[in-house]
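The values are calculated or read from the model by the stated rules, or taken from the named source; none is laboratory data. Bear in mind that the values here come from a model prediction, so they are computed numbers and not experimental data. Cβ: placed from backbone, ideal geometry, glycine included. Neighbour counts: every protein chain shown.
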Amino acid sequence: MTNIMPLESTAFEQRLQVDLRVRNPNDYDVQVTGLDFRLDLNGKRFARGLGNKEFVIPRLSDAAVSLETSTSMLDVVRQILGFRNSHAVTYGISGVLYTTRGRLPFEHAGYLVEPGELSGILSPQ
């Protein structure tokens, strides 16, 4: 995941653009025909995205793709309330790349905010 940007939203649905970087460690190009993914923050579902954009990931290289996702206002509020007691912000992204050769599941996790970086920012003084 390289970026998340808010898009036009309503009171009940939040639209986001998620930019993903996809790596290809193989010695051949991978033709992607679609993508289905789920984005979690601090272990809780935040958004889900689907896309039928076709793109090629060159051999021994990577490619970036932008997809629109949606989340509910309830999920956003739940995340905001959870940040108050959090010492870090973790993310997890999982899903399936649909290719001309079949389906390729993927999963990646990491920190958006390292442990301790939020201390003093979100807690009341």
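Quick one: what pairs do we get from the range 11-29, first residue within 23 Å of ALA109 (Cβ to Cβ) and in contact (Cβ under 8 Å) with a residue 12 or more places away in the chain, second among the β-branched types (Val, Ile, Thr) and in a loop (DSSP other than H, G, I, E, B), C-beta under 7 Å, 6+ apart or different chains?
Listed by first residue and then by second, the contacts come to ASP19/THR2; LEU20/THR2; ARG21/THR2.
Go through (1) part of a strand (DSSP E or B); (2) charged (D, E, K, R); (3) in contact (Cβ under 8 Å) with a residue 12 or more places away in the chain for ARG103 and report which single condition fails.
Evaluating ARG103 over (1) part of a strand (DSSP E or B); (2) charged (D, E, K, R); (3) in contact (Cβ under 8 Å) with a residue 12 or more places away in the chain leaves (3) as the failure.
Can you tell me how many residues within the range 63-78 are small (Gly, Ala, Ser) and under 16 Å from THR99 (Cβ atoms)?
Total satisfying the criteria: 1.
Please name all residue pairs, on different chains or six or more residues apart, with Cβ atoms under 9 Å, provided the first residue is in the range 39-62 and is over 19 Å from ARG103 (Cα atoms) and exposed (fewer than 14 other Cβ atoms within 10 Å of the Cβ) and the second residue is modelled with pLDDT of 90 or more and of a type in the set (Gly, Ala, Ser).
Final answer for the pair search is GLY43/GLY92.
Being within 19 Å of ALA47 (Cβ to Cβ) and either without any contact (Cβ under 8 Å) to a residue 12 or more places away in the chain or aliphatic (A, V, I, L, M) (or both) is the filter here, so list the residues in the range 87-100 that pass it.
VAL89, ILE93, VAL96, LEU97
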